[in-house]
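To start, the structure itself, in structure tokens.
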Amino acid sequence: MKNCVEIRWHGRGGQGAKTAALLLADVAFQTGKYVQGFPEYGPERMGAPITAYNRISDEVVRVHSNIYDPEYVVVVDETLLETVDVTKGLKEEGAIVINTAKPKEEILPHLKGYKGKVYTIDARKVSVACLGKYFPNSPMLAAIVKVTGLMDEELFLNEMRASFQHKFASKPEVIEGNMRALSMALEEVQ
Amino acid sequence: MAKRDRLSGNEAVSYALRQINPDVFPAFPITPSTEIPQYFASFVANGQVDTEFIPVESEHSSMSAAIGASAAGARSLTATSSCGLALMWEELYVAASNRLPVALALVNRALSGPININCDHSDSMGARDSGWIQIYAENNQEAYDNMVQAFRIAEHQDVRLPIMICQDGFITSHAVENIELLDDGDVKNFVGEYEPENYLLNPECPTAVGPYSVTDFYMEAKRAQAEAMKNSKQVILDVAKEFAQISGREYGLFEEYRLEDADYAVVMIGSAAGTTKDAIDQMREQGKKVGLLKLRVFRPFPAEEIAEALKNVKAVAVMDRADSFSDHGGPLGAEVMAALFRNRSQAYAINYVYGLGGRDVRVEDMEQVFETLEQIAATGETGDTYRYMGVRE
């Protein structure tokens, strides 16, 4: 497929990696793209490693396989670095975004010599500062939007506000916190 | 005005059901179809439909309630997957033989065991001889469009048969993709009011539904059922033609993708057809004449039409997402090969079992299938016509 960006998410059940992938499909759709957002399901249980995927393309997406050679990988839980081969198939011209408080030098040894760009963000710090609780998916979503440059940041924030207003219609009190988490994450990812 | 949106396959089918606003929807949850009654229940709670939604205690009950409602004269449906369909087994035959136009939103999932929640077609393929019309989808758009057309086909006076609208579990049911949705008013007009000819709650014309049939009548009842299935083919095409007028999207009994001049063809059902299209485009760029026949309607089985569409191919691979354990091939393979034989086809034909329990199908896998066909045509050696794709031996 031409002009198709493929993204793979690694998280643990309950952290919202699947939701983040679906939200990314949502916002990319709003920019006029053809999108796919889908989870790979194993036994569903809290804490088990899960994978989710995005395809974002200028053309209709027909392929229905998982993604093996992504441009980007998002690691929502850094403990996965020890058990999952997160850079498998990851293109060198792409990038990996990892949720960690550690400096990059401590992360690199886990990436099996990956030669592409490595970005980190402390999603716990962002989430706790903005929401008072640990929900890593909003910060990680903002981080991957920033790293991929998929869309204009202001447009992203506007679309996310509309999306949260729909998603959190029954608990509007969490919308502002999530919006702050997105804005802060756009600044924090490095 | 049609609306561009992005929805998962389950959301898309639920959206169609809200627009259809059926009379009765009994349901029992099972992965991966659970979201359909779940979303629908919120439409009921929000007053967006006036459907009688009945949470029941099993799939045996959900299909029984749908049948009872349909016999009473209501437009009814339910949704299920896998073992849920298995638990409806007796009722599937009851619905079909009583000529009740019940609809079933089926989200295909492997039927045990080992227990598995992911996609294959072993659930619906097992029900292929139950007398239900079966229509399959490649993606969320087709699942939505097929659902909108379902009752028009099932309720047609020449048909009056139950209909299964199938999509691939998780692969399309849980994948968010772009979709074009019709206006509520257009769907409402298209589907229309259900006006059954005979029904239990008609005091003017008392009838019995489901009585014992003595040997002297049983076979005539089955013959009439077979005739209805035969009739359904034309009705499916007529309804599709009318649907194209409101949607701009055309459907037939199957889709031919770059098949017209193809030497090598794949026949398959469901979401992997999209992946196969990508493989075909890549191989066509290398000058290889490859094509796809994606079956939409498995019951009734369009045998003559398939044989006609494949008449010029040198070799064909029929892809089954279910095994029959016949040691001879899967259900689609058996039917396609019989159709080819009846048409005196000289093409080489092989039958793959693939994608069981959600086993992923990659573009590369399908390229390899086409390369195998090329080799078979070149050497004249078919090898084992019944084989597995993408399995550790």
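Need one number: nm distance between label points at A:D69 and B:D184, each 7 Å from Cα along Cα→Cβ, rounded to one decimal.
4.7
Under 18 Å from the 7 Å Cα→Cβ point of B:C205, by amide nitrogen: which residues of the stretch B:143-161?
Answer for this model: B:155-161.
Could you tell me whether the stretch B:123-173 comes out rounded, prolate or oblate from its Cα gyration tensor? Rule is a ≥ b ≥ c as square roots of the eigenvalues, rounded for a/c under 1.5, then prolate if a/b exceeds b/c, otherwise oblate. Walk me through the intermediate numbers first.
Values: a/c = 3.84, a/b = 1.35, b/c = 2.84.
It is oblate, given that a/c is not under 1.5 and a/b is not larger than b/c.
Less than 28 Å apart at the alpha-carbon level, and either on another chain or at least 8 residues along: which lysines does that give for B:K222?
B:K230, B:K233
How far apart, in nanometres, would the label points at A:A48 and A:H166 be if each is projected 7 angstrom from Cα along the Cα-to-Cβ direction?
A separation of 3.0 nm, rounded to one decimal place.
If you stretched the chain out fully between B:Q286 and B:E52, how much longer would it get, using 0.36 nm times the residue separation minus the C-alpha to C-alpha distance? It would help to have the intermediate numbers written out before the result.
Values: separation 234, 0.36 × 234 = 84.24 nm, distance 5.58 nm.
Difference between extended and current length: 78.7 nm.
On a 30 Å Cα-Cα criterion, which of the cross-link pairs A:K171/B:K188; B:K241/B:K277; A:K88/B:K294; A:K133/A:K167 come out too long?
Details: A:K171/B:K188 33 Å; B:K241/B:K277 24 Å; A:K88/B:K294 33 Å; A:K133/A:K167 18 Å.
From the list (A:K171/B:K188; B:K241/B:K277; A:K88/B:K294; A:K133/A:K167), the Cα-Cα distance tops 30 Å for A:K171/B:K188; A:K88/B:K294.
Which percent, to the nearest 5, of DSSP beta bridges fully inside chain B are antiparallel? Walk me through the numbers on the way to the answer.
Values: 11 of 48 bridges.
Given both bridge residues lie in chain B, the antiparallel proportion sits at roughly 25 percent.
Return the whole-Å distance between the Cα centroid of the stretch A:36-76 and the Cα centroid of the stretch B:280-341.
First find each Cα centre; the distance between them is then 29 Å.
Could you work out the mean count of beta carbons from other protein chains within 10 Å of each residue's beta carbon in A:28-36? Display every interim value, and only then the final one.
Values: counts 1, 7, 1, 0, 1, 2, 3, 5, 6.
The mean count of partner-chain Cβ atoms within 10 Å per residue comes to 3.
Over all directions, average the projected area of the Cα convex hull of the stretch B:3-247 and note it in nm². Walk me through the numbers before you get to the answer.
Working: hull surface 52.5 nm².
Reported value for the Cα convex hull: 13.1 nm².
For the stretch B:142-163 and the stretch B:60-111, what is the separation of their C-alpha centers, rounded to whole Å?
14
Can you give the net charge of the other residues whose Cβ lies under 12 Å from the Cβ of B:A2, counting K and R as +1 and D and E as -1?
Values: positive: B:K3, B:R4, B:R249; negative: B:D5, B:D145, B:E180, B:D183, B:D184, B:D186.
Net of charged neighbours comes to -3.
For the stretch B:117-212, build the convex hull from the C-alpha positions and give me its volume per residue in Å³.
Details: hull volume 14.5 nm³, N = 96.
Taking the convex hull of the Cα positions in the stretch B:117-212, it is 151 Å³ per residue.
With N set to the residue count of the protein assembly as shown, report its C-alpha Rg divided by 2.2 N^0.38 Å to two decimal places.
Values: Rg = 25.1 Å, N = 583, 2.2 N^0.38 = 24.7 Å.
My calculation over the Cα atoms of the protein assembly as shown gives 1.01.
Using a ≥ b ≥ c from the Cα gyration tensor of the stretch B:283-393 (square roots of the eigenvalues), is it rounded, prolate or oblate, where a/c under 1.5 gives rounded and otherwise the larger of a/b and b/c decides, a/b for prolate? All intermediate terms of the calculation are to be shown ahead of the outcome.
Values: a/c = 1.37, a/b = 1.04, b/c = 1.32.
It is rounded, given that a/c, with a ≥ b ≥ c, falls under 1.5.
Longest span of chain B, sites excluded, free of chymotrypsin sites (Phe, Trp or Tyr not before Pro) in DSSP loop with at most 16 other C-beta atoms within 10 Å? Mind showing how you got there, number by number?
Numbers: sites that count: B:Y212, B:F325.
Formally, the longest exposed-site-free interval is B:1-211.
Would you mind ranking B:C205, A:C4 by Cβ crowding within 10 Å, fewest neighbours first? Kindly include the intermediate steps, with their values, before the conclusion.
Working: B:C205 8, A:C4 16.
By the 10 Å Cβ count, ascending, the order reads B:C205, A:C4.
If one takes the longest principal axis of the Cα atoms in chain B, at what angle in degrees, from 0 to 90 and to the nearest 10, does the Cα axis of helix B:9-20 lie?
So the inclination is approximately 40 degrees.
May I ask you to derive the FRET efficiency for B:A221 and B:E256 from their Cβ-Cβ distance with R0 = 25 Å, giving the value to the nearest 0.05?
On the way: r = 37 Å, r/R0 = 1.46.
Using R0 = 25 Å, I get an efficiency of 0.10.
Where does helix B:59-72 land angle-wise versus the long Cα axis of chain B, in degrees 0 to 90, nearest 10?
60
What's the magnitude of the charge dipole for the stretch B:1-124 around its Cα centre, counting Lys and Arg as +1 and Asp and Glu as -1 at the beta-carbon? Answer in Debye, nearest 20. Show your work: numbers first, answer last.
Numbers: 7 positive and 12 negative charges, 88 e Å.
It comes to approximately 420 debye.
Would you mind telling me the antiparallel percentage of the DSSP bridges in the protein assembly as shown, rounded to 5?
On the way: 29 of 79 bridges.
The answer is about 35 percent antiparallel.
Net charge within 12 Å of B:Y39 by Cβ-Cβ distance, Lys/Arg positive one each and Asp/Glu negative one each, not counting B:Y39 itself?
With Lys, Arg at +1 and Asp, Glu at -1, the net is -1.
With 5 Å bins from zero, work out the P(r) of the stretch A:1-100 over every alpha carbon pair and list the percent per bin.
3, 14, 24, 26, 19, 10, 4, 0
Go through B:F254, B:A127, B:V187 and say which Cα lies farthest out towards the positive end of the charge dipole of the stretch B:116-272; charges sit on Cβ, +1 for Lys and Arg, -1 for Asp and Glu.
Of the options given, the answer is B:A127.
Determine the shielding of peptide B:171-182 by partner chains: average, over its residues, the number of Cβ atoms on other chains within 10 angstrom of each Cβ. Display every interim value, and only then the final one.
Values: counts 4, 2, 1, 7, 11, 12, 12, 9, 1, 0, 0, 0.
Mean inter-chain Cβ contacts per residue within 10 Å come to 5.
By how many nm would the segment from B:D238 to B:Q368 lengthen if fully extended, with 0.36 nm per residue of separation less the alpha-carbon distance? The partial results should precede the final answer.
Values: separation 130, 0.36 × 130 = 46.80 nm, distance 3.73 nm.
Length difference between fully extended and current span is 43.1 nm.
In Å and from the alpha-carbon atoms only, list the Rg and Dmax of the stretch A:104-183.
14.7, 46
Nearest 10 degrees is fine. How inclined is helix B:363-379 to the longest principal axis of chain B, computing both from alpha carbons?
50
R0 = 60 Å: FRET efficiency of B:Y388 with A:S183, Cβ-based, nearest 0.05? Let's see the in-between values first.
Values: r = 51 Å, r/R0 = 0.86.
Approximately 0.70, to the nearest 0.05.
Please report, ordered by residue number, every helix of chain A (full DSSP H runs) that is 27 Å or longer along its axis going by C-alpha atoms and whose mean Kyte-Doolittle hydropathy reaches 1.6.
Details: long enough: none.
The qualifying helices: there are none.
Which log10 I(q)/I(0) values does the stretch A:4-188 give at q = 0.10, 0.19 Å⁻¹ under the Debye formula, counting every alpha carbon as one identical point scatterer?
These q points yield log10 I(q)/I(0) values of -0.36, -1.40.
Which of the peptides B:301-309, B:355-363 is most tightly packed, and how do the rest follow, judged by the mean count of other Cβ atoms within 10 Å per residue?
Numbers: B:301-309: 17.8, B:355-363: 20.6.
The most tightly packed comes first, giving B:355-363, B:301-309.
We did not get these values from a lab; they are worked out from the coordinates using the rules stated. The structure presented is a predicted model; accordingly, all values stated were derived computationally and were not measured. All Cβ positions, even for glycine, are placed from backbone atoms using ideal geometry, and neighbour counts span all protein chains on display.
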